[in-house]
1. Which of the numbered conditions does Ile87 fail, given that it passes all the others? Conditions: (1) in contact with a helix residue (DSSP H, G or I) (Cβ under 8 Å, 6 or more places away or on another chain); (2) surrounded by 15 or more Cβ atoms within 10 Å (Cβ to Cβ); (3) farther than 18 Å from Ser191 by Cβ.
2. Considering every residue within segment 151-158, establish whether at least one is closer than 18 Å to Glu237 by Cβ and in contact (Cβ under 8 Å) with a residue 40 or more places away in the chain.
3. Given the conditions (1) more than 16 Å from ligand 7 (Cβ to nearest atom); (2) touching a Pro at 6+ places or on another chain (Cβ under 9 Å); (3) more than 30 Å from Ala43 (Cβ to Cβ); (4) of a type in the set (Val, Ile, Thr), report the number of the one that Thr125 does not fulfil.
4. Considering segment 40-72 alone, what residues qualify as being exposed (fewer than 13 other Cβ atoms within 10 Å of the Cβ), at pLDDT 90 or above and outside any helix (DSSP H, G or I)?
5. Is there any pair with a first residue in segment 220-242 that is surrounded by fewer than 18 Cβ atoms within 10 Å (Cβ to Cβ) and a second that is assigned to a helix (DSSP H, G or I) and β-branched (Val, Ile, Thr) whose Cβ atoms are under 7 Å apart and which are 6 or more apart or on different chains, and what are they?
Amino acid sequence: MSRRVSFFLCLFIVLGLVSITHNSVRGDSEYVGSEACKDCHEAYYNKFAKSIHGKKAIPGAPINRDGCESCHGPGAQHVEKGGGRGIAILIFNRKENPNTRDSKCLACHENMRGVANWNISRHKTAGISCDMCHSIHMAKEQKDLLKEMEPALCFGCHKNIRAQTNKQSHHPMKEAFVGRQALKCSSCHNSMGTSNIKAMIKADSVNDLCYNCHAEKRGPYAFEHPPVPENCLFCHEIHGSNHAKLLVRRVPFLCQSCHNAGRHPGTPYTNLHSSGGPATSGKNRFFGRGCLNCHGNIHGSSLSEFFAR
Ligand code: HEC
Ligand code: HEC
Ligand code: HEC
Ligand code: HEC
Ligand code: HEC
Ligand code: HEC
Ligand code: HEC
Ligand code: HEC
Ligand code: HEC
Ligand code: HEC
């Protein structure tokens, strides 16, 4: 070997060593592999090996080989120092920046259907991170690795929605019923965001969402009731109401909020005039206040322009 070559070889080795020590001085750790973690975290290791993350891999993703460290970050320094809570290892607690925590998950999930709109989701902008709803090691709901079952998971932060679902009329979210599963919050919302920024609903508009399950309300009808195709929420609450059928107000007040004077004026149906006697007293001209007794097909009709039954 010529002198010159061996000089350069030495230079290389020296430079290499310098850069390694330099790295650890900067605080960068190295990858050591999951087997190293097993020594001290055997329970986590064994349980993880059987979990979906332990078993499945996204083909071709460079991060696959990193095992435990794909989420917790390189662990060499943690191991060298004999471990310890939060010592040179990412532990997903609230002190850690949500973006840092999310970035670990997004390294694999960014392009997965269902997660692709995370960056425009209300949860992301409110500083909520993946690990506040999901647990990798201690999920209560194995499907989708949720920390809690729905709707309890959501109620933990959305107390006002819980209050609404306790009202007399509500979508069946807490009860399964004959022949059908109970709805979940995620039947209508995607917590990871949707292309519809408004309330992260799984449709382009509120009405399209409702039609997914109440297709018959879409018609087509020869005679449409204009507020219906425009927005179901003119007349309905979504999460709960104290009036039957999730109505925002009781009939006839609901109708009278838009229809004041007609060929038969609205006033005779108010409390004041119509509740003065039994239905047969004559005072109660239109069978109490039941606009729906006559205008029964309130969502539209192909037979009657007045939506009569
Ligand atoms: C030499 C033993 C040892 C090795 C090897 C080791 N750890 Fe630890 N680790 C510990 C100890 C001890 C704690 C503190 C536990 C505690 O306080 O309950 C800890 C804490 C942690 C924590 C925080 C959890 C907590 O309860 O504080 C995480 C996350 C963690 N280790 C991940 C890893 C990963 C990933 C690896 C492999 C790269 C690894 N550890 C390798 C000993 C070790
Ligand atoms: C190394 C790549 C990788 C990382 C990092 C990763 N995941 Fe996954 N995750 C996967 C793969 C692969 C699957 C299985 C996908 C499948 O079955 O189609 C999966 C599945 C899931 C599932 C669905 C489970 C099910 O039952 O279908 C959830 C939820 C999930 N991951 C959440 C997370 C969260 C939260 C993080 C961050 C803490 C994370 N993942 C980090 C690769 C990863
Ligand atoms: C506010 C709670 C919440 C947050 C925050 C959240 N998720 Fe989810 N995630 C859910 C729920 C609920 C489901 C199951 C129902 C569904 O698919 O909408 C789910 C389902 C998933 C699935 C499986 C769905 C599929 O398409 O197969 C993956 C993967 C996932 N989440 C990853 C993530 C990642 C990555 C993050 C952070 C970037 C994250 N989640 C943030 C609540 C959340
Ligand atoms: C897919 C991402 C991911 C992988 C892979 C992963 N973890 Fe975790 N780990 C987390 C998250 C997120 C938490 C926070 C608690 C939770 O969600 O279960 C956590 C928590 C922990 C904790 C306890 C932290 C605490 O504060 O109590 C330990 C210990 C731990 N992981 C060890 C491991 C070991 C060992 C492996 C490999 C066998 C591993 N993890 C693989 C995401 C991951
Ligand atoms: C860790 C707390 C937390 C959990 C758990 C959580 N959320 Fe949220 N959510 C928030 C915060 C904070 C906001 C933003 C502020 C607000 O609008 O209340 C938000 C916003 C929302 C919004 C949008 C509101 C708007 O005005 O656009 C919807 C919809 C929503 N969450 C649904 C859910 C569903 C469904 C679940 C359960 C799968 C859930 N959230 C779980 C904290 C949480
Ligand atoms: C039948 C469909 C459906 C179900 C089920 C549903 N939501 Fe909603 N939710 C909606 C629609 C539609 C909106 C948007 C209303 C609007 O555009 O004003 C909304 C709005 C919201 C908002 C923001 C506005 C507000 O009222 O604060 C939150 C938060 C929310 N939902 C949480 C939840 C939670 C938590 C659950 C489960 C308990 C749930 N939703 C179940 C359809 C639904
Ligand atoms: C994921 C399916 C689904 C979606 C989306 C949905 N609903 Fe429902 N809705 C149901 C189910 C299930 C019931 C239970 C009653 C039944 O079908 O027998 C119900 C019941 C109702 C009721 C009657 C409540 C009662 O007290 O009897 C009204 C009103 C209603 N939905 C309006 C809406 C509106 C408005 C929307 C859009 C914001 C909507 N729904 C979206 C599934 C859905
Ligand atoms: C002009 C007010 C109004 C609008 C707008 C409206 N509804 Fe209704 N809806 C009612 C009334 C009133 C009832 C009660 C009917 C009864 O008790 O016979 C009702 C009942 C319902 C019911 C339960 C009974 C049934 O007929 O199945 C569902 C489901 C429903 N509406 C869905 C929708 C959907 C979906 C939309 C939007 C496409 C919508 N509604 C728009 C007034 C309205
Ligand atoms: C959000 C406003 C709104 C509500 C609430 C509403 N309507 Fe209407 N309704 C309209 C509009 C707009 C028309 C179209 C005719 C018009 O311009 O007067 C219409 C048309 C009608 C027609 C046909 C009249 C015609 O001239 O063709 C009847 C009948 C009717 N509504 C009954 C009801 C009843 C009964 C209720 C209560 C269950 C009700 N409406 C609630 C807005 C409303
Ligand atoms: C006893 C049956 C009956 C009851 C109850 C009834 N209507 Fe009517 N309504 C009719 C008939 C029939 C017509 C068609 C009138 C005509 O052809 O002159 C009509 C027409 C209408 C029209 C359209 C014509 C106009 O006047 O502009 C509206 C709006 C209307 N009703 C609203 C209501 C409201 C709101 C209620 C409840 C407060 C109600 N109706 C209760 C039978 C009834």
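1. Evaluating Ile87 over (1) in contact with a helix residue (DSSP H, G or I) (Cβ under 8 Å, 6 or more places away or on another chain); (2) surrounded by 15 or more Cβ atoms within 10 Å (Cβ to Cβ); (3) farther than 18 Å from Ser191 by Cβ leaves (2) as the failure.
2. no
3. Condition not satisfied by Thr125: (2).
4. Correct list: Cys40 only.
5. So the pair list comes out as Asn231/Val206; Leu233/Val206.
Conditions (1) β-branched (Val, Ile, Thr); (2) closer than 22 Å to His158 by Cα; (3) more than 16 Å from ligand 9 (Cβ to nearest atom), marked per residue:
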position	(1), (2), (3)
Glu80	no, no, yes
Thr100	yes, no, yes
Lys104	no, no, yes
Cys108	no, no, yes
Met112	no, no, yes
His134	no, yes, yes
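The values are calculated or read from the model by the stated rules, or taken from the named source; none is laboratory data. Note that the structure is a prediction, hence the values are computed from the model and not measured. Glycine also receives a Cβ, built like all others from the backbone with ideal geometry; neighbour counts cover every protein chain displayed.
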